[in-house]
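Accompanying notes for the structure given below.
The values are calculated or read from the model by the stated rules, or taken from the named source; none is laboratory data. Treat the numbers as computed from the prediction; the structure is a model and nothing was measured. Cβ coordinates were reconstructed from backbone atoms using ideal geometry, including for glycine residues, and neighbour counts include every protein chain displayed.
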Amino acid sequence: MDKYFKNKVFFITGGTGSFGKAFTKFLLERTQAKKIIIYSRDEQKQFNLQNSKEYIKHQNRLRFFIGDIRDYSRLKIAMDNQVDYVIHAAALKHVSLSEYNPFETIKTNIIGSQNLIKCCLELKIPNVIALSTDKASSPINLYGASKLAADKLFVAANAYSKKNSTKFSVVRYGNVMASRGSVIPLFIDQIKNNKPITITDPSMTRFMMSLDDAVALVLFAFENGKSGDVFVQKAPAATIQLVANSIKKILGVPNHDVKIIGTRHGEKLYETLLTKEEMVKAIDMGEYYRIPADSRDLNYNQFFEEGEEIITESGDYHSHNTKRLDEKELTDMLLNLKEIQADIKEFKVNE
């Protein structure tokens, strides 16, 4: 992989988030990337990272910019003319807050994405990958709808890339285990504070994916992607009930109370990574699906009489029909997370 990244310059929007930190760590430790530019709004997170042991020893390869993707001029200045790869991870992600602040979500997730696309086209950045979410598949909330719109913008942007000077593609995944805002740190925090674990629906399923898996997905897209591609990693799933039970056992509190609170507004019973329309086009690449861009024109008359039977027969790819983890498999995955390992020490399990 380093043959692609050696002496290259990376630009990461939302670079102080969970994925941004994981991808930056990979670049610093396992590649000879020339420079990584971190672009984000949170000055405190940037300050903390700049002064962390992991970043200080690589300070000659790092550059930090405080800025918002809503600000086109700041974005373009920060990106400069030397960037080779762009990873777009910045977004407003909280479902409930997006419902309450809809246009703020639109300004960041849609308009901000278009600002980035415009900069990349003008600066002729060779390769751009946008991070998407399962909630963009058949969205039922504004966050998902805004991310679907962003996906469409990135795929369509390839039509404006002169002589294919810039390649835009998308990777899509579900909630990352132990990442900020996911259920695992919520459950652990509730246990720490001696509060009941709150479960919306015990039968609700979620894909189980680590940050390393997310990084591997982006690397795969960089190496194998063509203009307009969408990539999805095949991932196992587990019920929320099993996640809660596994965490309780790992932390040595198997009898900790659980409270069923009911499904929240804008929440699905299962995560969908690919719709049936996308599955029709999906190319099986082993551990991943590649969905090439739809190259059809807008003449739909040919489908008025006959339609496409294959779409009718196809189905979605979601967390209810993927491989289902058993308790041992899920426990093994959780124990590999450094965040869980730290909590085990805090709870003094097995001492």
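So here's what we get for this one:
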quantity	calculated
The listed residue being of a type in the set (D, E, K, R), within 23 Å of the chain's Cα centre (by Cα), surrounded by fewer than 22 Cβ atoms within 10 Å (Cβ to Cβ) and modelled with pLDDT of 95 or more, out of Arg41, Arg61	Arg41
Within the stretch 84-101, tally of residues that are of a type in the set (A, V, I, L, M, F, W, C), touching a strand residue (DSSP E or B) at 6+ places or on another chain (Cβ under 9 Å) and under 17 Å from Gly174 (Cβ atoms)	2
All positions within the stretch 25-52 that are polar (S, T, N, Q) and closer than 20 Å to Asn81 by Cα	Gln32, Ser40
Some residue of the stretch 171-178 being out of contact with any Cys (no Cβ under 9 Å at 6 or more places or on another chain), closer than 16 Å to Leu116 by Cα and not in a loop (DSSP other than H, G, I, E, B)	no
Close pairs from the stretch 263-282: first under 24 Å from His94 (Cβ atoms), partner surrounded by fewer than 16 Cβ atoms within 10 Å (Cβ to Cβ) and charged (D, E, K, R), Cβ under 7 Å, at least 6 apart	His265/Glu99; Gly266/Glu99
Test result for Asn7, over 17 Å from Val128 (Cβ atoms) and free of Cβ contacts under 8 Å to residues at least 24 places away in the same chain	no
Sole residue being under 19 Å from the mean Cα position of the chain (by Cα), modelled with pLDDT under 95 and among the polar types (S, T, N, Q), chosen from Thr275, Thr263	Thr275
Any hit, the stretch 84-96, residues being aliphatic (A, V, I, L, M), surrounded by fewer than 18 Cβ atoms within 10 Å (Cβ to Cβ) and at negative phi	no
Per-region count, the stretch 196-206, residues closer than 19 Å to Glu339 by Cβ and at pLDDT 95 or above	1
Of residues in the stretch 154-169 being surrounded by fewer than 18 Cβ atoms within 10 Å (Cβ to Cβ) and of a type outside the set (Lys, Arg), the one nearest to His94 (Cα to Cα)	Ala156
Options Phe23, Phe103; residue that is in contact (Cβ under 8 Å) with a residue 40 or more places away in the chain and either under 30 Å from Glu267 (Cα atoms) or touching a Cys at 6+ places or on another chain (Cβ under 7 Å) (or both)	Phe23
Failed item, numbered, when Ser314 is tested on (1) closer than 21 Å to Ala237 by Cβ; (2) at pLDDT 90 or above	(2)
Which numbered condition Asp80 fails, given (1) modelled with pLDDT under 95; (2) closer than 25 Å to Leu217 by Cβ; (3) of a type in the set (Asp, Glu)	(2)
